[in-house]
Amino acid sequence: MVDFVAPDYDVAIIGGGPGGSATASYLSRAGIKCIVLEKEKFPRPHVGESLVPSTTVVFRELGFLHKMEEAGFVHKHGAAWTTETSPSAYGVTFEGVAQASAVDLRFAEREQAGVFQEYTYHVDRAKFDKLLLEHAEELGATVVQEAAVNHIDFDHARYVEVGYKHQGTDRKLTARMVVDASGRRTFLGRRLGLKVNDPVFDQYALHTWFEGLDRGSSDKSEFIYIHFLPVTNTWVWQIPITETVTSIGVVTQKANFAKASGDRDAFFWENLKTRPDLYENLRKAKQLRPLTAEGDYSYGMKQICGDRYVLVGDAARFVDPIFSSGVSIALSSARLASLDIVKAVEQNRFDRSCFRDFETTMRRGCANWYNFISMYYRLNVLFTYFVANPKYRLDVLRLLQGDVYDEEEPPVLSKMRELVTQVEGNPNHVWHNLLGSLTADAAKPTF
Ligand code: FAD
């Protein structure tokens, strides 16, 4: 009987982070009745502060770009990577290119389809996520904060039932379909048994904000900096949040932290000490917040859509943040999912096949990010070589700008893989002893 009553909404969206808000914005613009259920009360802090240029495609399409400017987020014109000033690994010449101890790229070096500015942004996520959620509401989405989804029922023929707790009270609603944008909580992925932990990338991150860090006065002082530490598979991000506030995070393998005393502060500072230049500089700045830890964070899903559901953003896939891909993936997945959802609502058909275009394109993009990251961890020096080599520089920049969805495998990734295989197979290769311990086989399809 109940099955004949029209559902309350066309689409119910679980989570109001960038993935959920962007989905709600796209759907509302298309006249689709949707609701966002967000567990927290915004603003709330969140990791993931440095964006890549492809995000501006979504901001522009959603009429949000001017709000990014009005909010005064720091403009990010490029990215830089540094290592110890004189490690023996560097200075090695391969194919006529000497290894540099620092490389950088500026987004303006390559034109990007759909992007009409030479920079993207670093964001305070508390502020950014709130603005984007409010934008979705302005475009017509219903937004309920402090609404934690705790129940889902796909057993009805014409709708999905969603249960949630709102300010202490249990509530229910019905929708034609759901979008899971619950981030690394992976609400649906866990419930439906779809989640597969990454066999290789089991990282751990400690991060906080500093006031008054000296970022230098060059025209690159507001780039993101990735500082490699001499500790295996360990690096530090430096992200400008405001003129005076800088986000610093140490990313390592969880096993490294497990081997240490378990004291977060001690581990953070001990790692930084391995780069005395960074350490001295940070010690002069004022730490604004206690350290936050993020762990267990790489995984995929056996499927990212099904009958009456789609997973977007971190709810669908999480890859290591070394190339600042997360928010871009969340926004791009919202964009691609919305194209299929609009058609599904129009046709009143919600079986898995309706979301095939979304699934194919997302899997292709995420596989490219993942393979890029895998090869970076396998052979760090390869990355700096490719950036320093004019033959490959713009192809690497293209990936770093977030243009990863169009090709099954961009030629630059095939070339990287070819080189990794050569180095692995040749103990006399100048890079052989630089091979990392993480051996993700980039040739295998990702899950
Ligand atoms: P989220 O932003 O996590 O939003 C999910 C929302 O769902 C949350 O607000 C949560 O409260 C809500 N929610 C969860 N469960 C429920 C529920 N049951 N009911 C209702 N609501 C729920 N990305 C970058 O782009 N740049 C970076 O520099 C970067 N650095 C990173 C560093 C680290 C250490 C890590 C771990 C990640 C980093 N990321 C970075 C990734 C980035 O944080 C995420 O990819 C991005 O936030 C994903 O957006 P989302 O909307 O999918 O999920």
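Quick check: is even one residue across the stretch 48-63 closer than 16 Å to Ser182 by Cβ, touching a residue at least 60 places away in the same chain (Cβ under 8 Å) and buried (at least 17 other Cβ atoms within 10 Å of the Cβ)?
Yes, some residue in the stretch 48-63 is closer than 16 Å to Ser182 by Cβ, touching a residue at least 60 places away in the same chain (Cβ under 8 Å) and buried (at least 17 other Cβ atoms within 10 Å of the Cβ).
Considering only residues that are touching a Phe, Trp or Tyr at 6+ places or on another chain (Cβ under 8 Å), under 15 Å from Val420 (Cα atoms) and part of a helix (DSSP H, G or I), which ones fall in the stretch 378-403?
Asn380, Val381, Leu382, Phe383, Thr384, Tyr385, Phe386
With the requirement that a residue be surrounded by fewer than 20 Cβ atoms within 10 Å (Cβ to Cβ) and either within 14 Å of the ligand (Cβ to nearest atom) or of a type in the set (Lys, Arg) (or both), what does the stretch 247-263 give you?
As a first pass, look at the stretch 247-263 and keep what is surrounded by fewer than 20 Cβ atoms within 10 Å (Cβ to Cβ): 254-256, 258-263.
Those that are surrounded by fewer than 20 Cβ atoms within 10 Å (Cβ to Cβ) and either within 14 Å of the ligand (Cβ to nearest atom) or of a type in the set (Lys, Arg) (or both): Lys254, Lys259.
May I ask you to say which residue of Arg349, Arg398 is touching a helix residue (DSSP H, G or I) at 6+ places or on another chain (Cβ under 8 Å) and basic (Lys, Arg)?
Values: Arg349 fails: touching a helix residue (DSSP H, G or I) at 6+ places or on another chain (Cβ under 8 Å).
From the options Arg349, Arg398, the qualifying one is Arg398.
May I ask you to say which residue of Gly140, Gly168 is farther than 21 Å from Ser324 by Cβ and modelled with pLDDT of 95 or more? If you could, list the steps in order and put the result at the bottom.
Values: Gly168 fails: modelled with pLDDT of 95 or more.
The unique qualifying residue is Gly140.
Applying the selection to the stretch 45-71, what residues are within 12 Å of the ligand (Cβ to nearest atom) and not in a helix (DSSP H, G or I)?
Pro45, His46, Val47, Gly48, Glu49, Ser50, Leu51, Val52, Pro53, Ser54
Residues of the stretch 108-153 being aromatic (Phe, Trp, Tyr), out of contact with any His (no Cβ under 6 Å at 6 or more places or on another chain) and buried (at least 16 other Cβ atoms within 10 Å of the Cβ), which ones? Quick ask: steps written out before the conclusion?
Residues of the stretch 108-153 that are aromatic (Phe, Trp, Tyr), as a first pass: 116, 119, 121, 128.
Filter once more, so that each one left must be out of contact with any His (no Cβ under 6 Å at 6 or more places or on another chain): 116, 121, 128.
Within the stretch 108-153, Tyr121, Phe128 meet the criteria.
Collect the residues in the stretch 1-27 that are of a type in the set (Gly, Ala, Ser), within 24 Å of the chain's Cα centre (by Cα) and more than 7 Å from the ligand (Cβ to nearest atom), keeping them in residue-number order.
Going through the stretch 1-27, the residues of a type in the set (Gly, Ala, Ser) turn out to be 6, 12, 15-17, 19-22, 24-25.
Still in the list and also within 24 Å of the chain's Cα centre (by Cα): 12, 15-17, 19-22, 24-25.
Matches in the stretch 1-27: Ala12, Ser21, Ala22, Ala24, Ser25.
Does Gly16 satisfy being in contact with an Asp or Glu (Cβ under 6 Å, 6 or more places away or on another chain), among the small types (Gly, Ala, Ser) and either modelled with pLDDT under 95 or buried (at least 16 other Cβ atoms within 10 Å of the Cβ) (or both)? Even if it seems obvious, please write down each step before you answer.
On the way: in contact with an Asp or Glu (Cβ under 6 Å, 6 or more places away or on another chain): yes; among the small types (Gly, Ala, Ser): yes; either modelled with pLDDT under 95 or buried (at least 16 other Cβ atoms within 10 Å of the Cβ) (or both): yes.
The answer is yes for Gly16.
Pick from the stretch 28-44 the residues that are surrounded by fewer than 16 Cβ atoms within 10 Å (Cβ to Cβ) and within 16 Å of the ligand (Cβ to nearest atom): which of them is farthest from Ala205 (Cα to Cα)?
Lys41
Among (1) in contact with a Gly (Cβ under 8 Å, 6 or more places away or on another chain); (2) closer than 24 Å to Val231 by Cα, which single condition is Val404 missing?
Tallying (1) in contact with a Gly (Cβ under 8 Å, 6 or more places away or on another chain); (2) closer than 24 Å to Val231 by Cα, Val404 fails exactly one: (2).
The rows are residues; the columns are (1) within 14 Å of the ligand (Cβ to nearest atom); (2) not in a helix (DSSP H, G or I).
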{"site": "Leu105", "(1), (2)": "no, yes"}
{"site": "Glu111", "(1), (2)": "no, yes"}
{"site": "Ala126", "(1), (2)": "yes, no"}
{"site": "Gly140", "(1), (2)": "no, yes"}
{"site": "Asn150", "(1), (2)": "yes, yes"}
{"site": "Val162", "(1), (2)": "yes, yes"}
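Could you list, in sequence order, the residues of the stretch 38-54 that are closer than 17 Å to Leu105 by Cβ and in contact with a Gly (Cβ under 8 Å, 6 or more places away or on another chain)? Please lay out each step first, then the result.
The initial filter retains those residues of the stretch 38-54 that are closer than 17 Å to Leu105 by Cβ, namely 50-54.
If the condition is that a residue be closer than 17 Å to Leu105 by Cβ and in contact with a Gly (Cβ under 8 Å, 6 or more places away or on another chain), then Val52, Pro53, Ser54 are the ones that fit.
From the residues in the stretch 43-56 that are of a type in the set (A, V, I, L, M, F, W, C) and touching a Lys or Arg at 6+ places or on another chain (Cβ under 8 Å), which one is farthest from Leu331 (Cα to Cα)? Quick ask: steps written out before the conclusion?
So in the stretch 43-56, the residues of a type in the set (A, V, I, L, M, F, W, C) come out as 47, 51-52.
Now drop any that are not touching a Lys or Arg at 6+ places or on another chain (Cβ under 8 Å), which leaves 47, 51.
Details: Val47: 16, Leu51: 11 Å.
Per the criteria, the residue is Val47.
Quick check: anything in the stretch 114-122 aromatic (Phe, Trp, Tyr), assigned to a loop (DSSP other than H, G, I, E, B) and touching a Ser or Thr at 6+ places or on another chain (Cβ under 9 Å)?
Checked the stretch 114-122: at least one residue is aromatic (Phe, Trp, Tyr), assigned to a loop (DSSP other than H, G, I, E, B) and touching a Ser or Thr at 6+ places or on another chain (Cβ under 9 Å).
The values are calculated or read from the model by the stated rules, or taken from the named source; none is laboratory data. Since the structure is predicted, the reported quantities are computational estimates derived from the model, not experimental observations. All Cβ positions, glycine included, derive from the backbone under ideal geometry; neighbour counts span all protein chains shown.
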